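First comes the structure, then the notes that go with it.
The values are calculated or read from the model by the stated rules, or taken from the named source; none is laboratory data. This one's a predicted model, so the numbers in the text were calculated from it and none came from an experiment. Here the Cβ positions follow ideal geometry from the backbone for every residue, glycine too, while neighbour counts run over all protein chains shown.
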């Protein structure tokens, strides 16, 4: 069976270009679509997490429009990102799906769930990791200045240690191990050259990253995240089972936001992992993958 390290990339025509994706894992079951974080590509998922989940169910990894191996222009709002992903699932003939959204990918997952046409796609279950909702009472902005790390020209381990993991010896070790694992997919294992982080080295003049920042700014502004453009005011409409999880001290999206969205969702469970941060699911990859599979199989 193919793994995250070996799976081949497929492409589906979209607009005037293409969307890149990989589909592998168990031969049957409801597929789980993974939606990644700021500047991330599908190559940057932790194989320890992905492979443990893929052992029991089909998984789909995808690059957003304009990111990684997908062509096009990065949209500056999450409604359009969600629409792209909904159309992508239609194009590859997926009619029922579970969603896994990490960080900014959680925003996309919420928008997909809220804006999907139930006659065309059944979104069965939702996993929200290290994320929150659009602007609203109780949704807190980070007190930490993460811009120098998240917006650096080169996404490097030194920056991601600060953003993703606890600032102690445990976090240092977890970050080093995760960094080594995400490089297990390479040209020798997959036959494909790994993709760079979005706007790596600002080779695009920073345009892709700027569009993502613009989307985040709109999402966190109550004036530009209303109705179909946001999730906060509509969270109660998400009545499917939801698993929410986070680290005990998320540097980027305060852990309190996970509690606050859990309180607004009618069928949501919250788990918080000790001595961990934004990427707790990489620090506890084996443990969390078991929890995710249990949730999806219930």
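Summary of values
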item	result
Unique match (being within 22 Å of residue 279 (Cβ to Cβ) and out of contact with any helix residue (DSSP H, G or I) (no Cβ under 8 Å at 6 or more places or on another chain)) among 141, 125	141
Test for residue 23: is it touching a residue at least 60 places away in the same chain (Cβ under 8 Å) and farther than 23 Å from residue 283 by Cα	yes
Some residue of region 193-201 being farther than 21 Å from residue 157 by Cα, out of contact with any strand residue (DSSP E or B) (no Cβ under 6 Å at 6 or more places or on another chain) and either buried (at least 20 other Cβ atoms within 10 Å of the Cβ) or at pLDDT 95 or above (or both)	no
Every residue from region 174-185 that is in contact (Cβ under 8 Å) with a residue 40 or more places away in the chain and under 11 Å from residue 43 (Cβ atoms)	182, 184, 185
Test: residue in region 135-145 that is without any contact (Cβ under 8 Å) to a residue 24 or more places away in the chain and either under 20 Å from the mean Cα position of the chain (by Cα) or more than 28 Å from residue 89 (Cα to Cα) (or both)	yes
Condition check for residue 196: touching a helix residue (DSSP H, G or I) at 6+ places or on another chain (Cβ under 6 Å), touching a residue at least 60 places away in the same chain (Cβ under 8 Å) and assigned to a loop (DSSP other than H, G, I, E, B)	no
Answer from 171, 205, 201 - the residue that is in a loop (DSSP other than H, G, I, E, B) and either more than 20 Å from residue 47 (Cβ to Cβ) or in contact (Cβ under 8 Å) with a residue 60 or more places away in the chain (or both)	205
